[in-house]
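The values are calculated or read from the model by the stated rules, or taken from the named source; none is laboratory data. Just so you know, these numbers come straight off a predicted model, no measurement behind them. For neighbour counting, all protein chains shown are included, and Cβ atoms are generated from backbone atoms with ideal geometry for every residue, glycine included. These accessible areas exclude ligands, DNA and RNA; they are computed on the full protein's heavy atoms, side chains included. Shrake-Rupley method; radii C 1.70, N 1.55, O 1.52, S 1.80 Å.
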Amino acid sequence: MTAEIHHRHRDVTGGWLRPAVFGAMDGLVSNFALIAGVAGGQASRHVVLLAGLAGLAAGAFSMAAGEYISVASQSELAEAEIEVERLELRRHPNAEMRELAGVFEARGVDPDVAAEVARQLSRDPEEALEVHAREELGVAPGELPSPYLAAGSSFLSFAVGASLPVLPYLLGASSLWPAAVIAALGLFAAGALVSRVTNRTWWFSGLRQLTLGAAAAALTYGLGALIGANGL
């Protein structure tokens, strides 16, 4: 008797990890770049701190609002299409049953078997609706994403990332170096976490994110220094 073989796959959709890590990464890169630009213009500690806190608040609210509108609009569209499918199932049940059988046939199921499966599934209107919605729309009734959860998670993850480069200034630092060290560590750690949902090694993902974040900060620091030096 052949032994049963079990294997597990990683979550290819990223689950909660992907949006959380990318939200925090976005907050860290954007706010550190903002702080670097202001610090590059030789601004005082108070001004840099104010810019960092303003960037944190504005960015977190912007991310939350954008996620809410995006997910809410997507869910509303899906709900409207699901309702269209529900009406079609009520008005033309036989046509919808044949359509479902055609879906199974297209996947290689024998016509007689496909027709029988479609007939059995169509006996329960809600089950039929779920199958039609999954096959035709790629969604399922009752499983649509929550815009409130999306907004809340985006707000929190962005705020966590954006708070890292601000922290040294809150604790009394007056130069950019402590913020740069914390930001660099955070960027590398976030990049390494991303490797859990990719096939890249942790050190490659970490270094890649560190390089991109450092490039953004260097650009804004240079702009800040240029503007500060010319008194614009």
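Compute the signed sum of charges (Lys and Arg +1, Asp and Glu -1) over the other residues within less than 12 Å, Cβ to Cβ, of residue 83.
Net charge in that neighbourhood comes out at -3.
For a protection proxy built on the mean count of beta-carbon atoms within 10 angstrom, sort 152-159, 191-198 highest first, please.
152-159, 191-198
Would you look at the GNM of the chain, springs on alpha carbons closer than 10 Å, and say which of 108, 222, 66 moves the most?
108
If you take every residue apart from residue 73 with its C-beta less than 15 Å away from the C-beta of residue 73, what net charge results, scoring Lys and Arg +1 and Asp and Glu -1?
-4
Estimate the FRET efficiency between residue 227 and residue 69 by the formula 1/(1 + (r/R0)^6), using the beta-carbon distance for r and 30 Å for R0, to the nearest 0.05.
Using R0 = 30 Å, I get an efficiency of 0.35.
Of the heavy-atom accessible surface of the stretch 85-220 (probe 1.4 angstrom), what whole percent is carbon and sulfur?
C and S fraction of accessible area: 62 percent.
As a test of the formula, what do you get for the chain when each DSSP H run with n ≥ 4 contributes -39,500 (n - 2.57) and the sum is divided by the residue count, at 222 nm and rounded to the nearest 500 deg cm²/dmol?
-27000 deg cm²/dmol
Hydropathy at least 0.0 by Kyte-Doolittle, axial extent at least 27 angstrom from the Cα trace: which helices of the chain, defined as entire DSSP H runs, fit?
For the chain, where a helix must reach 27 Å along its axis and average at least 0.0, the hits are 17-40, 45-91, 147-170, 202-230.
Quick check: with the 1.4 Å probe, what order do 205, 62 take by accessible area, largest first?
Descending accessible area places them as 62, 205.
Determine the per residue accessible area of the chain with all protein chains present and a 1.4 angstrom probe, expressed in square angstrom.
62 Å²
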